[in-house]
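Peer 1: The structure that follows is given in the form of structure tokens.
The values are calculated or read from the model by the stated rules, or taken from the named source; none is laboratory data. As the structure is a prediction and not an experimental result, all values here were calculated from the model. Every residue, glycine among them, receives a Cβ derived from its backbone with ideal geometry; neighbour counts consider all protein chains shown.
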Amino acid sequence: MRSRFCFLTLIAAAALQAQPPGPPQPPRPAKLAAPVDLTGYWVSVISEDWRWRMVTPMKGDFASIPVNAEARKVGATWDPSKDEAAGLQCKAYGAPAIMRAPGRVHITWQDDNTLKIETDEGTQTRLFHFGPPPAQQGGEPTWQGYSAANWERAPRGVENPDPFPIFSVRQGTQGRSLEVLTANLRPGYLRKNGVPYSAAATVNEYYDYHKERNGDEWFTVTTIVRDPQYLTGPWITSSDFKKEPDGSKWDPSPCKAR
Amino acid sequence: MQRIAFLFALLAIPALAQVDFTGEWAPAYHEDGPERLPGPELGDYMGIPLSDAGRLRADSYDADRISVVTEYQCRPHSSDYGMRGLGNLRVTRDIDLTTQTLQAFHTYMPAWGSVRTIWLDGRPHPPAYAEHTFQGFSTGVWEGNMLTITTTHLKANYLRRNGVASSDKRIVTEHWTRHGDFLTVVVVVEDPVMLTEPLVRSENWYLDPGQKIVPSFCEYAAEVPAPVGSVPHHLPGKNTFLTEVAEWYGLPAEATRGGAKTMYPEYRKTMPKPIRPAPEKCERFCVCTTLADCNLNETVQAPGGAPAPRR
């Protein structure tokens, strides 16, 4: 009897906490809602794919990328001198590849709902737009395309945004990742040696912050590239960046085709 | 244009953080495929912040060791290397039926039938003198949707399976996050013997509920005739195979020796010249995303062109 009473009391208390919904509130600006702070200078630490990232790989080296036969055919004709002559040195610096490049990134808030990532390698700028997409989308495809962003939410949030308090989210369900979807891309290279991606390519990214036992701060970005023209399935990589105290090692350099 | 609008409309519905790691996961070998599938080249220490001791130890490695020394043949992958090496993965969990709290995750990897428990019930790690095992002792805590795991009490094992060793003094931190049907695991190895700074790598799996997880078999057999009790090795300065990887891929020999300084972008400014120029076209492991397509002798050729000759 007593335990039943306790349970009912708990339910009643929870019901009191569950206030009737008020008028809809405007969403908090993404900058204020950020569950983690990704701003600052970060360096990519090349502990993976060293010989495909720190040096330009050989023509025809598609290792680790799920390319189809058409991509292999196109990749086998790679000629960096033609890209240089055409002013296309930035083909390997587009959104599908830029976070895999060796270099530093500088992350700042351009405004309350736009996160900016600048790269010193290739001097590229990416803008992550939070909130509803603009009415006028599209325009000319670019190397960095258009990126829409969200802070990943806890499971159950969409279907049941106001859960009954005693059954509210359990440990481990609070989202704190940055999710980014990029499209409207100018065709380019997944790798500097001419492994192609098409204008139909899209990029999903998840940025996860972690702090290590020695106090170092990192983020790892999981990058999922889909391209119906050149890939047989999603290409999944994850790249690791360590935070630096300042921009003293920031070293802008232009795109290079080779 | 309509397609782009559709894509961004999808993103207007935020993805949901996923807390449940249980299920069957298949690895994506989309990074370092040739190293992780057929196996690394001898002398390839690229991307590893090796200490002098770690490098000396790696240089002594002779690949015949696992053919001759039967004790090495069925040596399991440790829990940290297992995440980087070959590994389909099954994750199960324990719920305490009284408290309805998550007590532990268990992982199974077919390579040597490796089983690990990751305790989430707040228990402490055992004292330093406790037994070391290949899977170690793992505890986890949640940080938002990320599961951070600390593993101690590991036996010595590999950082790369070409003789780059890890010591039994290392501590390993992992960060697991799930995004939809993708799992990313960051593995941070702190090894005061073999490394000069933490080695941070990250791996990816995709949910594959239909996959067949196979049992593990390993039999000991002397594969190469050798005197009883011998351990194939190279004495310091006597290993003549260490420059092969630099020659095959046209890389600076110094870079292939690893070390922390080689892992940062600015190293490219001081990097020495290659021993010899890279071949005009890829000759080794030119595709390599699965065990089925990782063909050593596959040479990519331009349409109408002759394949580059193999050395």
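Peer 1: Just to check your reading of the model, which residue among B:Tyr61, B:Tyr45, B:Tyr108, B:Tyr81 is aromatic (Phe, Trp, Tyr) and touching a helix residue (DSSP H, G or I) at 6+ places or on another chain (Cβ under 7 Å)?
Peer 2: On the way: B:Tyr61 fails: touching a helix residue (DSSP H, G or I) at 6+ places or on another chain (Cβ under 7 Å); B:Tyr108 fails: touching a helix residue (DSSP H, G or I) at 6+ places or on another chain (Cβ under 7 Å); B:Tyr81 fails: touching a helix residue (DSSP H, G or I) at 6+ places or on another chain (Cβ under 7 Å).
Just one listed residue meets the conditions, B:Tyr45.
Peer 1: Please specify each residue of the range B:17-57 satisfying the condition of being over 30 Å from B:Asp208 (Cα atoms), in contact with a Lys or Arg (Cβ under 8 Å, 6 or more places away or on another chain) and assigned to a helix (DSSP H, G or I).
Peer 2: Passing the criteria: only B:Arg55.
Peer 1: Shifting gears a bit: Can you find even one residue in the range A:100-111 that is among the aliphatic types (A, V, I, L, M), at pLDDT 85 or above and in a loop (DSSP other than H, G, I, E, B)?
Peer 2: Yes: one or more hits.
Peer 1: Still on this structure: List the number of the failed condition for B:Cys286; all other conditions in (1) modelled with pLDDT of 90 or more; (2) more than 7 Å from every other protein chain (Cβ to nearest Cβ) hold.
Peer 2: Only one criterion is unmet by B:Cys286, namely (2).
Listed here are the residues, each with its yes/no results for (1) surrounded by fewer than 17 Cβ atoms within 10 Å (Cβ to Cβ); (2) over 28 Å from B:Glu280 (Cα atoms).
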{"residue": "A:Lys31", "(1), (2)": "yes, yes"}
{"residue": "A:Lys59", "(1), (2)": "no, no"}
{"residue": "A:Ile65", "(1), (2)": "no, no"}
{"residue": "A:Asn68", "(1), (2)": "yes, no"}
{"residue": "A:Lys73", "(1), (2)": "yes, no"}
{"residue": "A:Thr77", "(1), (2)": "yes, no"}
{"residue": "A:Ala85", "(1), (2)": "yes, no"}
{"residue": "A:Cys90", "(1), (2)": "no, no"}
{"residue": "A:Pro96", "(1), (2)": "no, no"}
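Peer 1: Is it true that A:Asp246 is within 8 Å of another protein chain (Cβ to nearest Cβ) and either at negative phi or modelled with pLDDT of 95 or more (or both)?
Peer 2: On the way: within 8 Å of another protein chain (Cβ to nearest Cβ): no; either at negative phi or modelled with pLDDT of 95 or more (or both): yes.
Considered against the rule, which asks whether it is within 8 Å of another protein chain (Cβ to nearest Cβ) and either at negative phi or modelled with pLDDT of 95 or more (or both), A:Asp246 comes out as no.
Peer 1: Also: Can you find even one residue in the range A:79-86 that is within 17 Å of A:Thr182 (Cα to Cα) and not in a helix (DSSP H, G or I)?
Peer 2: no
Peer 1: May I ask you to list the residues in the range B:233-256 that are touching a residue at least 12 places away in the same chain (Cβ under 8 Å), assigned to a loop (DSSP other than H, G, I, E, B) and within 30 Å of A:Trp52 (Cβ to Cβ)?
Peer 2: B:His234, B:Asn239, B:Phe241, B:Leu242, B:Thr243, B:Gly250, B:Leu251, B:Pro252 - these are the residues of the range B:233-256 that are touching a residue at least 12 places away in the same chain (Cβ under 8 Å), assigned to a loop (DSSP other than H, G, I, E, B) and within 30 Å of A:Trp52 (Cβ to Cβ).
Peer 1: Residue check: is A:Thr114 farther than 20 Å from A:Pro187 by Cα and surrounded by 14 or more Cβ atoms within 10 Å (Cβ to Cβ)?
Peer 2: Working: farther than 20 Å from A:Pro187 by Cα: yes; surrounded by 14 or more Cβ atoms within 10 Å (Cβ to Cβ): yes.
So A:Thr114 passes the test.
Peer 1: Restricting attention to the range B:152-166, does a residue exist that is under 20 Å from the mean Cα position of the chain (by Cα) and under 17 Å from B:Arg93 (Cα atoms)?
Peer 2: Narrowing the range B:152-166 to residues under 20 Å from the mean Cα position of the chain (by Cα): B:152-166.
Right, trim to under 17 Å from B:Arg93 (Cα atoms) and you get none.
No, because not a single residue in the range B:152-166 is under 20 Å from the mean Cα position of the chain (by Cα) and under 17 Å from B:Arg93 (Cα atoms).
Peer 1: Let me ask something else about it. In the range B:261-293, what residues are among the hydrophobic types (A, V, I, L, M, F, W, C) and under 22 Å from B:Leu42 (Cβ atoms)? Let's see the steps before the verdict.
Peer 2: From the range B:261-293, those among the hydrophobic types (A, V, I, L, M, F, W, C) are B:263, B:271, B:275, B:278, B:282, B:285-288, B:291-292; that's our starting set.
Of everything in the range B:261-293, those that are among the hydrophobic types (A, V, I, L, M, F, W, C) and under 22 Å from B:Leu42 (Cβ atoms) turn out to be B:Met263, B:Met271, B:Ile275, B:Ala278, B:Cys282, B:Phe285, B:Cys286, B:Val287, B:Cys288, B:Leu291.
Peer 1: Does B:Trp142 satisfy the criteria of being facing chain A (nearest Cβ under 9 Å) and aromatic (Phe, Trp, Tyr)?
Peer 2: yes
Peer 1: Taking the range B:260-278 on its own, how many of its residues are crowded, with 20+ Cβ neighbours inside 10 Å and not aliphatic (A, V, I, L, M)? Steps first, answer last, please.
Peer 2: Going residue by residue through the range B:260-278, those that are crowded, with 20+ Cβ neighbours inside 10 Å are B:262-263, B:265, B:278.
Remaining after also requiring not aliphatic (A, V, I, L, M): B:262, B:265.
The number of residues fulfilling the criteria is 2.
Peer 1: Give the number of residues within the range A:32-74 that are outside any loop (DSSP other than H, G, I, E, B) and either more than 30 Å from B:Arg257 (Cβ to Cβ) or more than 10 Å from chain B (Cβ to nearest Cβ) (or both). Walk me through it before giving the result.
Peer 2: Narrowing the range A:32-74 to residues outside any loop (DSSP other than H, G, I, E, B): A:32-33, A:40-44, A:50-53, A:59, A:67, A:69-74.
The next check asks that each one be either more than 30 Å from B:Arg257 (Cβ to Cβ) or more than 10 Å from chain B (Cβ to nearest Cβ) (or both); those that pass are A:32-33, A:40-42, A:67, A:69-74.
Of the residues in the range A:32-74, 12 are outside any loop (DSSP other than H, G, I, E, B) and either more than 30 Å from B:Arg257 (Cβ to Cβ) or more than 10 Å from chain B (Cβ to nearest Cβ) (or both).
Peer 1: When the residues of the range B:166-196 are narrowed to those that are of a type outside the set (Ser, Thr, Tyr) and surrounded by fewer than 19 Cβ atoms within 10 Å (Cβ to Cβ), which ends up nearest to the other protein chains (Cβ to nearest Cβ)? Walk me through how you get there before you give the answer.
Peer 2: Going residue by residue through the range B:166-196, those that are of a type outside the set (Ser, Thr, Tyr) are B:168-172, B:174-176, B:178-183, B:185-195.
From what's left, surrounded by fewer than 19 Cβ atoms within 10 Å (Cβ to Cβ): B:168-169, B:180-181, B:190, B:192-193.
Values: B:Asp168: 18, B:Lys169: 14, B:Gly180: 9, B:Asp181: 10, B:Glu190: 7, B:Pro192: 12, B:Val193: 16 Å.
Checking each candidate, the answer is B:Glu190.
Peer 1: Those residues that are among the β-branched types (Val, Ile, Thr) and modelled with pLDDT under 90, I need them from the range A:140-161; list them, please.
Peer 2: So the first thing to find is which residues in the range A:140-161 are among the β-branched types (Val, Ile, Thr), and the list is A:142, A:158.
Once the filter is applied, which keeps residues that are among the β-branched types (Val, Ile, Thr) and modelled with pLDDT under 90, the range A:140-161 yields only A:Val158.
Peer 1: Moving on. Being part of a strand (DSSP E or B), of a type in the set (D, E, K, R) and within 14 Å of chain A (Cβ to nearest Cβ) is the requirement here; does B:Arg93 meet it?
Peer 2: On the way: part of a strand (DSSP E or B): yes; of a type in the set (D, E, K, R): yes; within 14 Å of chain A (Cβ to nearest Cβ): yes.
Yes.
Peer 1: Right, here's the next one. Could you say whether any residue in the range A:187-205 is over 30 Å from A:Ala69 (Cα atoms), assigned to a strand (DSSP E or B) and at pLDDT 95 or above? If you could, list the steps in order and put the result at the bottom.
Peer 2: Taking the range A:187-205 first, the residues over 30 Å from A:Ala69 (Cα atoms) are none.
No, the range A:187-205 has no match at all.
Peer 1: Oh, and also: Among the listed residues A:Thr125, A:Thr108, identify the single one that is under 17 Å from A:Pro29 (Cβ atoms) and either more than 10 Å from every other protein chain (Cβ to nearest Cβ) or among the basic types (Lys, Arg) (or both).
Peer 2: On the way: A:Thr125 fails: under 17 Å from A:Pro29 (Cβ atoms).
The conditions single out A:Thr108.
Peer 1: Considering the range B:133-173 alone, what residues qualify as being in contact with an Asp or Glu (Cβ under 8 Å, 6 or more places away or on another chain) and of a type in the set (Asp, Glu)?
Peer 2: Within the range B:133-173, no residue meets the criteria.
Peer 1: Give the residue, chosen from B:Leu207, B:Leu199, that is in contact (Cβ under 8 Å) with a residue 12 or more places away in the chain and surrounded by 23 or more Cβ atoms within 10 Å (Cβ to Cβ).
Peer 2: Details: B:Leu207 fails: surrounded by 23 or more Cβ atoms within 10 Å (Cβ to Cβ).
The unique qualifying residue is B:Leu199.
Peer 1: Residues being more than 9 Å from chain B (Cβ to nearest Cβ), of a type in the set (Ser, Thr, Tyr) and surrounded by 22 or more Cβ atoms within 10 Å (Cβ to Cβ): count how many of those fall in the range A:183-228.
Peer 2: Adding up the residues that qualify gives 4.
Peer 1: Among the residues of the range A:162-184, is there at least one that is among the small types (Gly, Ala, Ser) and modelled with pLDDT of 95 or more?
Peer 2: The first filter runs over the range A:162-184 and keeps only residues among the small types (Gly, Ala, Ser), leaving A:168, A:172, A:175, A:177, A:183.
If we keep only those that are modelled with pLDDT of 95 or more too, we end up with A:183.
Yes, that holds for at least one residue.
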